[in-house]
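The values are calculated or read from the model by the stated rules, or taken from the named source; none is laboratory data. The structure presented is a predicted model; accordingly, all values stated were derived computationally and were not measured. A quick note on method: Cβ atoms are made from the backbone with ideal geometry, for glycine too, and the neighbour counts reach across all protein chains shown. Each accessible area value is taken on the protein alone, full model and side chains, heavy atoms only, with ligands, DNA and RNA left out. Shrake-Rupley method; radii C 1.70, N 1.55, O 1.52, S 1.80 Å.
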Amino acid sequence: MFPFAFAGLVFSYLVTPLNKSDEVLLAFTIFVMCLAVYITKGLVHNHLDVSHSDDHSSEKPATGAAQTPPDNRNGQEEKKENDIEAVGAPTETTGLLSDKNMTAGGAIVPKRASRMERRNIKFTPKQYIIYATCCFLGGMLCGWIGIGVEKVTFFLLTYFHDVDVIAAGLSSITMTGWLSFFAFLLHALCTPEDEGIGPHFSCALRNESNPFGHVFGKVPYELWLSVIPGILIGSLVGPAVNAAVGPRNIMIVFVIFLLFDAGYNIYNLSDNGYFAELLGLAESKI
């Protein structure tokens with residue numbers, strides 16, 4: 001889906017640059033709050049795969065589940081596997097079995113396909129259109145406010161294909177990294193003459209608000225360089241921290257971050273007078 005996200009990034013920079021991004025920031029903030037609710041619900045109801053691997057041998061039996069005698073356990077497991085094969089194979093779109101499986105305690109739960117099967121994504125035509133459209137819009141968000149496509153991609157992978165949160169997170173961040181690289185090139189090569197070093201190419205469409213076709217916003221090289229040590233250290237200790245803390249706790253921290261991000265955006269919009277202006281327009285219409 002990277003080509004569609006890249007197309008959205010280029011389109012936002014060269015065709016539809018924003019002079020004022022308050023409306024986009026508000027829409028993104030609403031999406032962030034919805035994503036926080038989606039992840040919280042997924043954690044509470046175990047809809048998100050936050051396990052370390054496909055090994056479920058350490059899971060405790062459900063409350064009230066009948067304990068299988070040790071001498072008959074192998075026969076019961078073989079019978080259960082045969083029953084699962086008879087029920088149906090995992091679907092290509094959701095990674096879940098087409099029917100439900102009965103647990104030992106009598107509860108009916110969907111049976112997940114293996115992690116590798118769910119990572120091997122196969123699109124239906126409808127899903128392909130949804131992914132392409134959402135990634136294009138996410139790429140435009142990256143061009144307008146600097147972030148956005150990673151959260152859109154994470155939602156798509158976990159919602160439509162039940163991809164585990166580790167793979168979904170890595171895929172989302174990787175796409176954002178590549179988009180950031182191309183965004184850096186556009187800002188570095190096409191910035192106006194009074195906003196940084198050259199070569200000041202004319203890249204965007206020329207119009208009244210942008211007569212020279214530049215990409216506004218100089219590259220903050222000092223800030224950019226100061227972030228590199230943190231990225232290097234994080235790449236070294238990140239896997240160990242993730243293994244120690246656990247994917248589920250990482251997702252809880254991520255939800256807290258999303259809520260903080262939404263609150264910070266709302267504060268900035270309020271501080272800039274956006275809500276006062278919006279309410280003033282509404283009152284004037286009345």
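Residue pairs, Cβ under 7 Å, 6 or more apart or interchain, first in the stretch 24-51 and charged (D, E, K, R), second surrounded by 14 or more Cβ atoms within 10 Å (Cβ to Cβ) and part of a helix (DSSP H, G or I). List them.
Pairs found: 49/165.
Please give the helices (runs of 4 or more DSSP H) falling wholly within the stretch 67-174 in which 1 or more residues are under 24 Å from residue 52 (Cα atoms), modelled with pLDDT under 90 and over 16 Å from the mean Cα position of the chain (by Cα).
On the way: elements: 73-87, 115-119, 125-145, 149-160.
Filter on the stretch 67-174 gives 73-87, 115-119.
Across the stretch 252-265, what is the total count of residues that are out of contact with any helix residue (DSSP H, G or I) (no Cβ under 6 Å at 6 or more places or on another chain) and aliphatic (A, V, I, L, M)?
3
Could you list all residues from the stretch 13-26 that are under 20 Å from residue 151 (Cα atoms) and open to solvent by 60 Å² or more (accessible area, probe 1.4 Å)?
Hit for the stretch 13-26 is 23, nothing else.
Could you list, in sequence order, all residues of the stretch 1-41 that are assigned to a helix (DSSP H, G or I) and of a type in the set (Gly, Ala, Ser)? Before the answer, list the steps.
The first filter runs over the stretch 1-41 and keeps only residues assigned to a helix (DSSP H, G or I), leaving 2-14, 22-41.
Correct list: 5, 7, 8, 12, 27, 36.
Conditions (1) in contact with a Ser or Thr (Cβ under 8 Å, 6 or more places away or on another chain); (2) farther than 23 Å from residue 45 by Cβ; (3) of a type in the set (Gly, Ala, Ser), marked per residue:
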position	(1), (2), (3)
122	yes, yes, no
138	yes, yes, yes
143	yes, yes, yes
157	yes, no, no
168	yes, no, yes
177	no, yes, yes
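Closer than 30 Å to residue 15 by Cβ and of a type in the set (A, V, I, L, M): which single residue out of 236, 205 fits that description? Steps first, answer last, please.
Details: 236 fails: closer than 30 Å to residue 15 by Cβ.
Going through 236, 205 in turn, just one is closer than 30 Å to residue 15 by Cβ and of a type in the set (A, V, I, L, M): 205.
For the stretch 122-138, what are the residues that are of a type in the set (A, V, I, L, M) and farther than 15 Å from residue 27 by Cβ?
Just the residues of the stretch 122-138 that are of a type in the set (A, V, I, L, M), to begin with: 129-130, 132, 137.
129, 130, 132 - these are the residues of the stretch 122-138 that are of a type in the set (A, V, I, L, M) and farther than 15 Å from residue 27 by Cβ.
Being modelled with pLDDT of 85 or more and surrounded by 10 or more Cβ atoms within 10 Å (Cβ to Cβ) narrows it down to one residue among 254, 216; which is it?
Values: 216 fails: modelled with pLDDT of 85 or more.
Exactly one residue qualifies, and that residue is 254.
Take the conditions without any contact (Cβ under 8 Å) to a residue 12 or more places away in the chain and open to solvent by less than 40 Å² (accessible area, probe 1.4 Å) and apply them to residue 234. Does it pass? Reasoning before the result, please.
Working: without any contact (Cβ under 8 Å) to a residue 12 or more places away in the chain: yes; open to solvent by less than 40 Å² (accessible area, probe 1.4 Å): yes.
Yes, satisfied.
Okay, residues lined up against (1) open to solvent by 90 Å² or more (accessible area, probe 1.4 Å); (2) at pLDDT 80 or above; (3) among the polar types (S, T, N, Q); (4) not in a helix (DSSP H, G or I):
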site	(1), (2), (3), (4)
183	no, yes, no, no
186	no, yes, no, no
222	yes, yes, no, no
262	no, yes, no, no
280	no, no, no, no
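Yes/no matrix, rows are residues, columns are (1) surrounded by fewer than 20 Cβ atoms within 10 Å (Cβ to Cβ); (2) aromatic (Phe, Trp, Tyr); (3) under 23 Å from residue 243 (Cα atoms):
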residue	(1), (2), (3)
126	yes, no, no
148	no, no, no
158	no, no, yes
168	no, no, yes
191	no, no, no
211	yes, no, no
